[in-house]
Structures are given as C-alpha cells and as structure tokens.
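Note sheet for the following structure.
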Amino acid sequence: MKKLILIISIISTLHAVDGYKGFGLQVGEQGTGIFYHQVWYSNNTLQWLFHSRFFDVKGEDFMMVYDPYTNQYRSSGDKYVLIVPMFGGVKYFPFADKIANNFAPFLGVQAGPVLTIDGADSDKFMERWKRSRGFWTFGANVGVGADFLMMNNMIVSVGAGIDFLPMDGEVDGEKNYSGAIIHVGFNWRR
C-alpha cells in the first residue's frame, strides 16, 4: 500500500499541468530541512498539493563545540536521523476573492508515508549512512500560512504548523518526532 501511494504521488507530480512548484527551508523543534512541493489549482478556494522534504533531526543537547587544540568546530549530542515525509494534501483559502491585494492566507492539511533513516553512531560520514536502517510510518501535518503573489509569476509562501510523526518502534531513543515547524518557500508558476 505504501509503495502504491508513493508511485501515484510521483506520477501525479510528473503530469501536473496547472499550478506551481517550489522549494524552501523548514525549521522545527526536532531539526532543520529543505522541501519540494507541487500545487495544482482546483478552484479559487482550494488547491491540491504534493510535499516532500529532507529533515535532519538534531538532539535536544546538540551543540557546536570549539576544539582549541585542532582549531576546529565539532558537533556534540548529534542524532543521526533523517526523516523524509511524502505528503499529499490540500490548501484552503478562506478569504479567496475577499482580499484585494497579493496576500492570500491559507489553512493546510497533509498526510502520507514517512521514511525515517536511522544512521549508525559513527564519526565517519560514509560508515554512518552505509550501516543505516530505514523505517516506514504514516504521518501528517496541519498548519496555517500565507502566499504572497509577486511579479514574474513568483509566489513566496510562509507558514507554521505541527508535524505528527510517530515512529514504528524506537528510533535513536525516540518513539515520536512530532513538533512545531515553520517554513519559507519560493515558488514559480508553470
């Protein structure tokens, strides 16, 4: 079932015709990431979307430490977890055709499969990810935001929400990587 959802998402992304696509940055309680999304227009108040991101989880006690002997910075308290949600969802614009400028506030709901990659505890990058384990779960996101329509068919999107990312068992000491998240996205119309 999870593979079917992934295949349908990829096919629909490749065949989208009316809408926009973009990328952006996200910062949350659990870490930071980059995302890609694609949006299709349904009508003035509703848009469908596909959203995927690479989210690097940081530990609660993560800190950059300066080593005066080597004159280098190194990280302390790292968690080697990468979360890759692949969500489908909807954006609802409650004030469509009621605001006469380039400001379009929205409510968003997304859900879908989540791939969590748990890297091995190692100081060497290749060794850490070569011995990693992957887990599939189901997650969701709810949030609010606003699209700012710019010149040249650009759209800047800002928003905040809550991720619901339960794990299937324990991943690097945690059973849940849910939390608040904010994002800034840069989009272009097709």
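The values are calculated or read from the model by the stated rules, or taken from the named source; none is laboratory data. The model shown is predicted, which means the values in this text are computed figures rather than measured ones. For neighbour counting, all protein chains shown are included, and Cβ atoms are generated from backbone atoms with ideal geometry for every residue, glycine included.
Checking each residue of segment 77-89 against the condition of being more than 20 Å from ASP56 (Cα to Cα) and either at pLDDT 90 or above or within 20 Å of the chain's Cα centre (by Cα) (or both) gives at least one match.
Quick check, is ASP61 of a type in the set (D, E, K, R), surrounded by 18 or more Cβ atoms within 10 Å (Cβ to Cβ), at pLDDT below 90 and over 19 Å from the mean Cα position of the chain (by Cα)?
On the way: of a type in the set (D, E, K, R): yes; surrounded by 18 or more Cβ atoms within 10 Å (Cβ to Cβ): no; at pLDDT below 90: yes; over 19 Å from the mean Cα position of the chain (by Cα): yes.
Answer is no for this residue.
Considering only residues that are acidic (Asp, Glu), assigned to a strand (DSSP E or B) and farther than 13 Å from LEU115 by Cα, which ones fall in segment 165-185?
Going residue by residue through segment 165-185, those that are acidic (Asp, Glu) are 168, 170, 172, 174.
Then drop every residue that is not assigned to a strand (DSSP E or B), which leaves 168, 170, 174.
The answer is GLU170, GLU174.
Which of the residues belonging to segment 87-114 are among the charged types (D, E, K, R) and part of a loop (DSSP other than H, G, I, E, B)? Please lay out each step first, then the result.
Looking only at segment 87-114, we keep the residues that are among the charged types (D, E, K, R), and these are 91, 97-98.
ASP97, LYS98 - these are the residues of segment 87-114 that are among the charged types (D, E, K, R) and part of a loop (DSSP other than H, G, I, E, B).
Scan segment 157-172 for residues that are within 14 Å of GLN26 (Cα to Cα) and buried (at least 16 other Cβ atoms within 10 Å of the Cβ) and jot them down.
Here is the first cut: in segment 157-172, the residues within 14 Å of GLN26 (Cα to Cα) are 157-163.
Of everything in segment 157-172, those that are within 14 Å of GLN26 (Cα to Cα) and buried (at least 16 other Cβ atoms within 10 Å of the Cβ) turn out to be SER157, GLY159, GLY161, ASP163.
Would you please list the contacts, defined by Cβ atoms under 6 Å and residues six or more apart or on different chains, that run from a residue in segment 95-111 that is under 26 Å from ASP163 (Cβ atoms) to a residue that is outside any loop (DSSP other than H, G, I, E, B) and of a type in the set (Ser, Thr, Tyr)? As it stands, the answer is LEU107/TYR92, since those pairs meet every condition given.
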